[in-house]
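A short worksheet on the structure shown next.
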Amino acid sequence: MLSAMTAAATMFPGILFAKDQEKNLPTDSDIKWNKAPCRFCGVGCGVLVGVKEGKAVAVKGDPKSTVNKGLLCVKGYHQIMCIQAEDRLTHALVKKNGTYVKTPISEALDLVASKMKETISKHGKDSVAMYTSGQSTIPEGYVASKLMKGAIGTNNLDCNARLCMASAVTGFLTSFGADEPMGCYEDIDHADYFITWGNNMAEMHPVLFSRMLDQKNRRGAQIIDFATRTTRSSMASDKSILFEPQTDLAVANAICYEIINNGWVNKKFIEDHINFNKGLTNMGYGLEDNYKFKDKPTSISFEEFKEFLEDYTPEKVALYSKVCVRDIKYMAAIYGDPNNKVVSFWCMGMNQHTRGTWMNNLVYNIHLLTGKISQPGNSPFSLTGQPSACGTAREVGTFTHKLPKGVVTKEKYRRLAAKIWKVPYERIPSKPTYHATEMFRAVDRGDIKFIWTQVVNPLVSLPKTGRYRPGMKKDSCFVVVSDVFPTPTSDVADVILPACWHIEKSGLYGNSERRTQHWNKMVEGPGDTTPDAWMTIEVAKRMGYGDLFPYSKENHVEEIYNEYRQFHEGPQHGMAPLEVLKKESGAMWPFYKGKSTRWRYNAKYDPACNNGKDFHFYGKPDGKAIIWQRPYEPAPEVPDKEFPFWLNTGRVIEHWHTGSMTRRIPVLHKAMPNAYVELHPQDAKSMGITNGQDVKIVSRRGQCILPAAINQRGLPTRGQVFVPFFDENMLINDVTLDAFCPISKEPDYKKCAVRIEKA
Ligand SMILES: Nc1nc2c(c(=O)[nH]1)N[C@H]1C(S)=C(S)[C@@H](COP(=O)(O)OP(=O)(O)OC[C@H]3O[C@@H](n4cnc5c(=O)[nH]c(N)nc54)[C@H](O)[C@@H]3O)O[C@H]1N2
Ligand SMILES: Nc1nc2c(c(=O)[nH]1)N[C@H]1C(S)=C(S)[C@@H](COP(=O)(O)OP(=O)(O)OC[C@H]3O[C@@H](n4cnc5c(=O)[nH]c(N)nc54)[C@H](O)[C@@H]3O)O[C@H]1N2
Ligand code: SF4
Ligand SMILES: [Mo]
């Protein structure tokens, strides 16, 4: 593997290697190494943290982890360096007459609990809200859900995974009736082709990308990068195919057209395992407050599906997707050849899309038509962004519509939650309330009068912050922010709670491949810092719900996980016991009779298959997956005369999201000190803009000034600009649009119309 990794290292200076890293590690025998999943991305690499005299002094990749086999990326290696930042929040701060006053933590928690109680008694349960994270640990998400839904009795709980994985979830539910990927990372070792659908794995899932490069070098596996922008992933791929934003909908349909018209359909698989559906169209874009939509699926025949695809011949689609006919046929032929094993990977390009649920359905359509699913190397693989978007946001279910098992709208799941939580069944409300965007609209309108944010930085990360920042500042809402550092969100808080960071507490995360990983607390947090779960429990107790939160301070993580495991008992979603997780580098659910499951829905591997056939899509009542008829529809805001450019936003390898942690890690900050706007060289030339010059980006909602980057990290197509969102001094989300997918309610950060001016 090493030779391929060396190749990756030369190509991507961002990636360091365990071997190189080891040279710089202290060799001192007093160092104790502790295992944990990495704090950052959804790949979920195993790290070993070296602790000496109570301080974390070094990090290396865990060679025993099957995810990364000892390798880490730059963020992984340097993660612990942010804990020491000088401006670390070490004590609670309470705003008094406009200034923050250092306050003992217990007093601050008294205030949070009394404010929450008072707000509920004056304005009702639905006037208080919590907004949490796919970076919250499993126990943190669990107690937040138990407090809001089980104790208080409101569904006002949502999380940042709404901005990230919601379309993946609704994609899974509509196509298969059960969330999360059927495959696993081992698919990489078997695939002949990797097709990425608008994501940049070299920077965002770097260790998985290096595993792909390794397979390319060893076995000649091919990488096809299908994207709207040339990135480091495109540069390292065998072929890069660019498309016009939003037209991936049409290209996916054109691929299905080709598969059917060339006779590449896996007929037996379709007969045994597939139903065809269509849903409503022209759904709108959620731009108005209180927007509501509910899809109405109807059954169709294969012939009707085939007829629908007549609008998507490669010739017709080439006209507006700007993908040439030859390239559409090339992609279709890769999927169509029964001898090829194909993995499709995607992340935010497909999820942050006003038709994100549809886009997820469409890629599943391709894999289902050809039967390339749930087998080693044949895998439609929705990548997760955050370290526990799967484990916490999706599995514990910190969304307004979710419970630790199932949805609030179904009586059987409310009954199960009520039983395990030991609360009256009637207390858990059956109607979802606010998804993330609507939650902050409700704050702005004054409908939510108390909000507590944990492990998120919404005033940098929400779309159209130009509306939501003034909204959060209004006196009508009491704002509590739990973080490890001051941020633009804590700037508007009434109470700031100092949280313990990752290794200063014990926890569990769940990564992209259904792998649950546990770690033990390794070092003490400074000052009054407290684990988030414990702060939630302390507030719950102060509100009078102590009997529902009987956990001990020392052992609450284990006690909570053991309680939570009861929700998922059985062959479909069994979770590994703690003893296993403490010893191994994680286990993959369904964990059943002592074993992880690598490929779901395949009777050879999955203990839950019981229909006597080769595959069983047991998430659906009749055991069949669904191929969806989903058309191309345009984006809500497209470039015009006044705003002639597409704005696309995203990330870079060095920084994590809003930069609060990575900008406090000196090497990462130095490597990428500030945000920028990438322009196509010809667009820059025609406007007389040179590299490094300040440029103003203006949309109908706001503006942002950034230096121009021409031929730097990435290359947008003509008529498009790209801005990373990690820099709190250049808030690009003041410019973005809060349109979302009507089914998933996930905003589209990848497309809106802007004008470019010299600043
Ligand atoms: N270094 C680093 N790594 C991270 C993160 C981080 O902050 N920093 N964050 C993690 C998280 S939470 C996430 S969600 C992931 C995100 O991982 P990615 O999705 O890989 O990254 P982004 O930069 O958000 O998305 C950029 C891509 O969107 C595509 N795109 C734009 N418009 C369209 C379109 O219309 N259709 C399609 N299909 N694609 C389009 C472009 O091709 C572009 O390459 O990264 C995770 N990993
Ligand atoms: N323009 C644009 N905006 C985007 C996106 C995009 O592609 N473009 N992507 C969206 C996506 S996919 C995502 S996932 C979101 C991410 O958006 P956010 O989650 O809001 O961003 P983060 O920077 O990850 O914020 C996490 C915060 O938690 C703090 N923190 C770290 N550890 C702990 C802890 O243990 N306890 C507590 N209490 N706090 C902690 C960090 O300091 C940080 O301030 O951004 C979304 N916003
Ligand atoms: S690839 Fe992701 S999980 Fe692995 S070291 Fe990098 S940031 Fe951490
Ligand atoms: Mo994300």
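The values are calculated or read from the model by the stated rules, or taken from the named source; none is laboratory data. In this text the structure is predicted, and so the values were computed from the model without any measurement. Counting neighbours? That spans all protein chains shown, and the Cβs are built from the backbone with ideal geometry, glycine included. Heavy atoms of the whole protein, side chains included, go into the accessibility calculation; ligands, DNA and RNA do not. Shrake-Rupley method; radii C 1.70, N 1.55, O 1.52, S 1.80 Å.
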Pairs where the first residue, in region 369-394, is touching a residue at least 60 places away in the same chain (Cβ under 8 Å) and open to solvent by 10 Å² or more (accessible area, probe 1.4 Å) and the second is within 12 Å of ligand 4 (Cβ to nearest atom) and part of a loop (DSSP other than H, G, I, E, B), C-beta under 6 Å, 6+ apart: G385/G42; G385/C164
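With respect to A318, determine if the residue is farther than 26 Å from I373 by Cβ, open to solvent by less than 70 Å² (accessible area, probe 1.4 Å) and assigned to a helix (DSSP H, G or I). Give the steps one after another, and end with the answer.
On the way: farther than 26 Å from I373 by Cβ: yes; open to solvent by less than 70 Å² (accessible area, probe 1.4 Å): yes; assigned to a helix (DSSP H, G or I): yes.
Considered against the rule, which asks whether it is farther than 26 Å from I373 by Cβ, open to solvent by less than 70 Å² (accessible area, probe 1.4 Å) and assigned to a helix (DSSP H, G or I), A318 comes out as yes.
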Conditions (1) buried (at least 24 other Cβ atoms within 10 Å of the Cβ); (2) touching a residue at least 40 places away in the same chain (Cβ under 8 Å): number failed by G153: (1)
Test: residue in region 74-82 that is free of Cβ contacts under 8 Å to residues at least 12 places away in the same chain and either open to solvent by 50 Å² or more (accessible area, probe 1.4 Å) or of a type in the set (G, A, S) (or both): no
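Can you spot a residue in region 682-695 that is among the basic types (K, R), more than 10 Å from ligand 1 (Cβ to nearest atom) and surrounded by fewer than 23 Cβ atoms within 10 Å (Cβ to Cβ)? It would help to see each step written out before you state the result.
First pass over region 682-695, keeping only residues among the basic types (K, R): 685.
Subset that is more than 10 Å from ligand 1 (Cβ to nearest atom): 685.
Now narrow it down to the ones that are surrounded by fewer than 23 Cβ atoms within 10 Å (Cβ to Cβ): 685.
For region 682-695, residues among the basic types (K, R), more than 10 Å from ligand 1 (Cβ to nearest atom) and surrounded by fewer than 23 Cβ atoms within 10 Å (Cβ to Cβ): present.
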Residue list for region 341-371, filter: touching a strand residue (DSSP E or B) at 6+ places or on another chain (Cβ under 6 Å) and under 24 Å from D614 (Cα atoms): K341, V342, V343, S344, N361, V363, Y364, N365, H367, L368
Members of region 381-390 found to be in contact with a Ser or Thr (Cβ under 6 Å, 6 or more places away or on another chain) and closer than 12 Å to G510 by Cβ, listed by number: T384, C390
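Only one of these is within 16 Å of ligand 3 (Cβ to nearest atom) and modelled with pLDDT of 95 or more: T357, T392. Name it. Break it down into steps so the answer makes sense when it comes.
On the way: T357 fails: within 16 Å of ligand 3 (Cβ to nearest atom).
After applying the criteria, what remains is T392.
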Single unsatisfied condition, M5 versus (1) modelled with pLDDT of 95 or more; (2) in contact with a helix residue (DSSP H, G or I) (Cβ under 8 Å, 6 or more places away or on another chain): (1)
Among residues of region 578-615, those that are touching a helix residue (DSSP H, G or I) at 6+ places or on another chain (Cβ under 8 Å) and either on the phi < 0 side of the Ramachandran plot or outside any loop (DSSP other than H, G, I, E, B) (or both), counted: 8
Odd one out for Q352, checked against (1) touching a residue at least 40 places away in the same chain (Cβ under 8 Å); (2) open to solvent by less than 20 Å² (accessible area, probe 1.4 Å); (3) out of contact with any Asp or Glu (no Cβ under 6 Å at 6 or more places or on another chain); (4) not hydroxyl-bearing (S, T, Y): (3)
Residue identified as in a helix (DSSP H, G or I) and either surrounded by fewer than 17 Cβ atoms within 10 Å (Cβ to Cβ) or out of contact with any Leu (no Cβ under 8 Å at 6 or more places or on another chain) (or both) among M331, M283: M331
Some residue of region 490-497 being of a type in the set (S, T, N, Q), within 23 Å of G659 (Cβ to Cβ) and under 21 Å from the mean Cα position of the chain (by Cα): no
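Taking the stated definitions as given, is V101 modelled with pLDDT of 95 or more and within 28 Å of A393 (Cβ to Cβ)?
no
Quick check on region 9-27. Is at least one of its residues closer than 16 Å to G76 by Cα, hydrophobic (A, V, I, L, M, F, W, C), away from ligand 4 (no atom under 16 Å from the Cβ) and at pLDDT 75 or above?
Within region 9-27, the first condition is being closer than 16 Å to G76 by Cα, and the residues that meet it are 9, 12-22, 24-25.
Going one step further and asking which of them are hydrophobic (A, V, I, L, M, F, W, C), we end up with 9, 12, 15-18, 25.
Narrowing the set further to residues that are away from ligand 4 (no atom under 16 Å from the Cβ) leaves 9, 12, 15-18, 25.
Imposing the further condition that a residue be at pLDDT 75 or above reduces the set to none.
Taking every residue of region 9-27 in turn, none turns out to be closer than 16 Å to G76 by Cα, hydrophobic (A, V, I, L, M, F, W, C), away from ligand 4 (no atom under 16 Å from the Cβ) and at pLDDT 75 or above.
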Filtered residues of region 37-48 (kept if buried (at least 24 other Cβ atoms within 10 Å of the Cβ) and away from ligand 4 (no atom under 16 Å from the Cβ)): P37, C45, G46, V47
Residue in region 190-203 that is polar (S, T, N, Q), more than 16 Å from ligand 2 (Cβ to nearest atom) and over 21 Å from T370 (Cα atoms) present: no
Subset tally (residues that are away from ligand 3 (no atom under 16 Å from the Cβ) and in contact with a Gly (Cβ under 9 Å, 6 or more places away or on another chain)) for region 181-198: 9
Filtered residue count, region 108-133, keeping only those that are part of a helix (DSSP H, G or I) and either among the charged types (D, E, K, R) or open to solvent by less than 30 Å² (accessible area, probe 1.4 Å) (or both): 14
Qualifying residue in region 536-556 (condition: in contact with a strand residue (DSSP E or B) (Cβ under 9 Å, 6 or more places away or on another chain) and closer than 30 Å to Y592 by Cα): no
Conditions (1) part of a loop (DSSP other than H, G, I, E, B); (2) acidic (D, E); (3) without any contact (Cβ under 8 Å) to a residue 60 or more places away in the chain; number of the one not met by E303: (1)
